[in-house]
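The block underneath contains the structure these notes are about, expressed in structure tokens.
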Amino acid sequence: KKVNVIGLGYIGLPTALMFASSGVKTVGIDYNRKLVETLTSGVPTFEEEGLEELFEKAIKNGIEFKSEYTKADVYVVAVPTPYIKESKKIDPCYVVAAVESVLDVCDKGSIICIESTVSPGTIDKFIRPEIEKKGFVIGKDVHIVHTPERIIPGNMIYELENNSRTIGCDDKEIGNIVKDLYSSFCKGEIVITDIKSAEMSKVIENTYRDINIAFANELTKICRKDNMDVYEIIKIANMHPRVNILNPGPGVGGHCISVDPWFLVGDYPGLTNLIWEARKINDSMPSFVLKRISDIMKEHGIKDVTKVGLYGITYKENVDDTRESPTLQLISKMEENLAYGIKSYDPFVKENILDNQYMDFEEFIKDVEIVVIMVGHDHIKENMHKLEGKFILDTKNICNLSNTYKL
Ligand code: SAJ
């Protein structure tokens, strides 16, 4: 089988490389010509454990990168699915555009796999009508399948190979063809279901995690009020055989967990109070951190916020993705309220995206009195001793130095 993977971002690229490395004839397609050029020149476009080795193998196996759609047996669509801020509903424009472009080139009987996360019912509401409008009969001229992914940035390559997967389809036979294709690299169990159940299960997986993080964050607020150590309390509670509370933190970032629950809120208003409340709690955490910073400044008579430095700009540890990151949310809150000049540094962020962002760790440390650990990169764990003598607000519970404040 020949596969085209459309959208070469955080999900599409490793997936395309995985297909190619496993011997599937693969073309990666992205409308961003510059990205295609970079990939064609043999350079991966983001940092991820094991990605370079996989890239080399895929190139040896003849993977191609293009901006134009080409003919294939199976098209895997992995483009972003943002949500509309006002209505909280999904904006399927990129998926729809990709499917339309596939229809312009594909042969009869081609299979289109939507790998992008979509809200339950999106394929029925937005994709099917688009295909039919173009005169195609679904199930005959073209087949539509949902193949949501579950890989976690930071451990993507391992999880691509080892996670179980879901295939949502109208027709079991087509489901089995897609299952065989993914089995070229996926060793996990592959379950076949209907399309809407596959859409729903993907979205609720991320919603489940969001709600559980919100619980940990709410506990943090409760414990802070009475000056109790939330980490100690969670550690003890988690000794119960059926309790597993997640880690509190400065907020929930990334393009998945902070976005997908909104799909449910948008589509099921009145039925999603818990989900909405969890989103609000997680979104309130950057302001909670800001309040902690201001308390610490007051305690030590520090008036100048340029003495404060945020360590970590990405949405989580050891990745270079800054989408929806708590640090960016915190800074935007400061700008709204205080127009402050808070400093920042991140070893993974090589471009200057913020005012007062440092490119050099040592200089950053030299210039600040309060360091706020926003992200637990391995880099800071290895350099923790360099924070000796500073006040530290540790939102990740990774620092043992004196003068450390917890969340
Ligand atoms: N976070 C906490 N406390 C925790 C765990 C995470 O505050 O205990 C924060 C992180 O710091 C980060 C955010 O939540 O800001 C999300 O990070 P994450 O590591 O939980 O998840 P993602 O967004 O990197 O990947 C998720 C995963 N989904 C689930 O674990 C249910 C991944 O498996 C999905 O494939 C991915 O979303 C996706 O693409 O949908």
Check: How about region 288-304: which of its residues are crowded, with 18+ Cβ neighbours inside 10 Å and over 30 Å from the mean Cα position of the chain (by Cα)?
Finding: I296, M297
Next item on the list: Scan region 216-236 for residues that are among the hydrophobic types (A, V, I, L, M, F, W, C), away from the ligand (no atom under 13 Å from the Cβ) and not in a loop (DSSP other than H, G, I, E, B) and report the count.
Entry: 4
Checklist line | Test: I6 is farther than 20 Å from V145 by Cα, touching a strand residue (DSSP E or B) at 6+ places or on another chain (Cβ under 7 Å) and at pLDDT 95 or above | finding: no
Next item on the list: Please work out which residue is farthest from the ligand (Cβ to nearest atom), limiting yourself to region 367-382 and to residues that are surrounded by fewer than 23 Cβ atoms within 10 Å (Cβ to Cβ) and assigned to a loop (DSSP other than H, G, I, E, B).
Entry: E369
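Can you tell me which of I152, I127, I167, I204 is outside the structural domain of M18 (by TED's automatic domain parsing) and either at pLDDT 95 or above or surrounded by fewer than 16 Cβ atoms within 10 Å (Cβ to Cβ) (or both)?
On the way: I152 fails: outside the structural domain of M18 (by TED's automatic domain parsing); I127 fails: outside the structural domain of M18 (by TED's automatic domain parsing); I167 fails: outside the structural domain of M18 (by TED's automatic domain parsing).
Exactly one of I152, I127, I167, I204 is outside the structural domain of M18 (by TED's automatic domain parsing) and either at pLDDT 95 or above or surrounded by fewer than 16 Cβ atoms within 10 Å (Cβ to Cβ) (or both), namely I204.
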Margin query: I'd like to know if region 101-110 contains one or more residues that are in contact (Cβ under 8 Å) with a residue 40 or more places away in the chain, in the same structural domain as I151 (by TED's automatic domain parsing) and within 20 Å of the chain's Cα centre (by Cα).
Written below: no
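Scan the helices (runs of 4 or more DSSP H) fully inside region 113-195 and keep the ones with 3 or more residues being farther than 19 Å from G12 by Cα.
On the way: elements: 128-133, 156-162, 172-182.
Counting at least 3 such residues, we get 128-133, 172-182.
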Next item on the list: Give the residues of region 292-323 that are more than 16 Å from the ligand (Cβ to nearest atom) and assigned to a helix (DSSP H, G or I), sorted by residue number.
Entry: I293, S294, D295, I296, M297, K298, E299, V305, T306, K307
Margin query: Against the definition (of a type in the set (S, T, Y) and either at pLDDT below 95 or more than 23 Å from the chain's Cα centre (by Cα) (or both)), how does Y340 come out, yes or no?
Written below: yes
Check: Within the bounds of region 237-258, is there any residue that is more than 22 Å from the chain's Cα centre (by Cα), in a helix (DSSP H, G or I), surrounded by fewer than 16 Cβ atoms within 10 Å (Cβ to Cβ) and not acidic (D, E)?
Finding: yes
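Out of all the residues in region 324-362, which are within 14 Å of the ligand (Cβ to nearest atom), among the charged types (D, E, K, R) and surrounded by fewer than 22 Cβ atoms within 10 Å (Cβ to Cβ)? Walk me through how you get there before you give the answer.
Taking region 324-362 as the starting set, the residues that turn out to be within 14 Å of the ligand (Cβ to nearest atom) are 324-330, 346, 348.
With among the charged types (D, E, K, R) added as a condition, the list becomes 324, 346.
E324, the sole residue that qualifies.
The values are calculated or read from the model by the stated rules, or taken from the named source; none is laboratory data. Every value quoted in this text rests on a predicted model; they were computed, and no experiment measured them. Methodologically, a virtual Cβ is constructed for each residue, glycine included, from the backbone with ideal geometry; neighbour enumeration extends over all protein chains shown.
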